[in-house]
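To start, the structure itself, in structure tokens.
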Amino acid sequence: MDASDGRRRGWIQVHVHPDALRRLGLHPDQPTAAVVGPSPPGWWHAVAERHAQM
């Protein structure tokens, strides 16, 4: 599907087995899956993105 700006848009679905999420502490039933503190500051995100591109 093309948007008015000419870029293609779409959706991707990823299905992950619940046990895999539990091993990582990411299953919604686990308390570790909930956000419990403030987000890191903006500079932290910028540094992380810069290192990810290296």
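Obtain the nm distance between the two label points defined at HIS17 and THR32 by a simple spin-label model: each point lies 7 Å from its Cα along the Cα-to-C-beta direction.
1.9
So, how do all the Cα-to-Cα distances of the chain break down into 5 Å bins, in percent, from 0 on up?
Once binned at 5 Å, the Cα pair distances of the chain give 4, 13, 10, 10, 14, 25, 14, 7, 2.
Per-residue HN-Hα couplings for segment 38-51, Karplus 6.51 cos²θ - 1.76 cosθ + 1.60 at θ = phi - 60°, whole Hz, x for Gly and Pro?
Going residue by residue, I get x, 6, x, x, x, 4, 5, 5, 4, 5, 4, 5, 5, 6 Hz, with x marking Gly and Pro.
Taking a probe of 1.4 Å, how large is the accessible area per residue of the chain, in Å²?
Result: 100 Å² of accessible area for each residue.
Hey, can you grab everything whose amide H is under 5 Å from the amide H of LEU26? Only 5+ residues off in sequence or another chain; H modelled, so Pro and N-termini drop out.
When sequence neighbours closer than 5 places are left aside, there are no close amide H contacts.
For every helix of n ≥ 4 consecutive DSSP H residues, a contribution of -39,500 (n - 2.57) applies; sum these over the chain, divide by its total residues, and give [θ] at 222 nm rounded to the nearest 500 deg cm²/dmol.
Here the helix-only value at 222 nm equals -9500 deg cm²/dmol.
Sorted by accessible area with a 1.4 angstrom probe, largest first, how do VAL14, VAL47, VAL36 fall?
VAL36, VAL14, VAL47
The values are calculated or read from the model by the stated rules, or taken from the named source; none is laboratory data. Here the structure is a predicted model, which means the values were calculated and not measured. Neighbour counts run over all protein chains shown; Cβ positions are idealised from the backbone, glycine included. Please note that ligands, DNA and RNA were not included when accessible areas were found on the heavy atoms of the full protein model with its side chains. Shrake-Rupley method; radii C 1.70, N 1.55, O 1.52, S 1.80 Å.
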